[in-house]
Amino acid sequence: MKRIALLGCGSMGTQIALAIDSENFPATLTHVYDASKDSSLSLVQKLQNKPEIVENSHLLSSQPIDIVVEAASQDAVKDVALSVLQNKKDLMIMSVGALLDESIYDILSDACKDFKKTIYLPSGAIAGLDGIKSVKDELESLSITTTKHPRSLKGAKFFETSEVNLDEISSSTVVYEGTAKEAVSLFPANINVAALLSLTGIGSEKTSVKIVADPSTDKNTHHIEAAGKFGKMTFTIENVPDTNNPKTSRLAILSAIETLKKYCSDDIQIGT
């Protein structure tokens, strides 16, 4: 049975932990860490099988585990990812935006080869990545339009210097247009899907991103368009926001859980 360590005990980390703690999951959650000790304690209290709380994030990968699951932040990825691979543990990353820093990506890619370990990036809150991956050499354009309620965008770095006031938006409004590379730095908690899409396809500087604030919506919607020599693909995903954190879609959590099940299973694998 696989042994899992969790980095980040917030809303997403808690849902992942509860899934691992269920009777039909082929793994055990053995260690957890969060920058907030209270968050770690709160999570452990909810679990039947009590994992150990470690004192700092770097201690996770020194434990007798198989994989570290990151559900914390881009900064956590930059701080911990390399040491996880150096300790010869696999890694699953939810804060994919961190990998759009080319130096980080290259370092971790080389580390995977050097230490013969794997980084897993779940599909998250979007679909169609198998198709995008298949045609990436023939892609000529790739775009994503993300629509969320204004409250789901609050706290993003973009609004620190923007004239846009989310509280004054009364109808569907485009608040940002740019590249995936720029978007993930300005909306680090909102647009990891754009980072994942760009890594799958034609790169972060060629992937177009549009972010729409719509006070009338109760969904997190992602509309993806890809075109090239192969033809055209269009995907629209309407996600229900997580009840505890509206910045995160329920699908992102389910995708993480399914990726872990696939990692832990010896069963038939469907899809690429």
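In segment 184-247, the C-alpha radius of gyration followed by the widest Cα-Cα span (Dmax) gives 13.2, 42 angstrom.
For LYS113, the lysines whose Cα falls under 20 Å of its own Cα, not counting residues fewer than eight places away in the same chain, are LYS78, LYS88, LYS89.
Across the chain, the relative contact order, built from alpha-carbon pairs under 8 Å that are at least six residues apart, equals 19 percent. Once the 1.4 Å probe is applied to the protein heavy atoms, segment 127-244 comes out at 49 Å² accessible per residue. Between SER172 and PHE230, the modelled label-to-label distance comes to 2.8 nm, taking each label 7 Å out from Cα in the direction of the beta carbon. Available extension along the chain between LYS88 and LYS261 is 60.3 nm, counting 0.36 nm per residue and deducting the alpha carbon span. With each label modelled as a point 7 angstrom along the Cα→C-beta vector, the SER216-LEU59 pair spans 5.3 nm. Measuring nothing but protein heavy atoms, the accessible surface of the chain at 1.4 Å probe radius is 46 percent carbon and sulfur. Summed over all non-identical Cα pairs, the Kirkwood treatment of segment 127-244 gives a radius of 14.6 Å. Net charge in the neighbourhood of ALA19 (other residues with Cβ under 15 Å of its Cβ; Lys, Arg +1, Asp, Glu -1) is +1.
Note: relative contact order over segment 127-244, using C-alpha pairs below 8 Å and six or more positions apart, is 40 percent. If every alpha-carbon in the chain counts as one equal scatterer, what log10 I(q)/I(0) does Debye give at q = 0.08, 0.09, 0.13 1/Å? Summing over Cα pairs of the chain leads to -0.32, -0.41, -0.87. With a cut-off of 19 Å on the backbone N, the residues of segment 220-260 near the modelled label site 7 Å out from ASP130 along Cα-Cβ are 224-226, 231-238, 251-260. Around ASP101, with a cut-off of 12 angstrom between Cβ atoms, what is the net charge of the other residues, counting Lys and Arg +1 and Asp and Glu -1? Charge balance in the 12 Å sphere: -1. If you plug the beta carbon distance of SER109 and THR161 into 1/(1 + (r/R0)^6) with R0 = 25 Å, you get a FRET efficiency near 0.15.
Only helical runs count toward this figure. For the chain, summing -39,500 (n - 2.57) over DSSP H runs of n ≥ 4 and dividing by all residues gives -9500 deg cm²/dmol at 222 nm. Neighbours of ASN49, meaning other residues whose beta-carbon lies under 12 angstrom from its beta-carbon, give a summed charge of 0 when Lys and Arg score +1 and Asp and Glu score -1.
The values are calculated or read from the model by the stated rules, or taken from the named source; none is laboratory data. None of the values given here were measured: they were computed from a predicted structure. We place every Cβ from the backbone using ideal geometry, glycine too, and count neighbours over all the protein chains shown. What goes into the accessible areas is simple: the full protein's heavy atoms, side chains included, and nothing from ligands, DNA or RNA. Shrake-Rupley method; radii C 1.70, N 1.55, O 1.52, S 1.80 Å.
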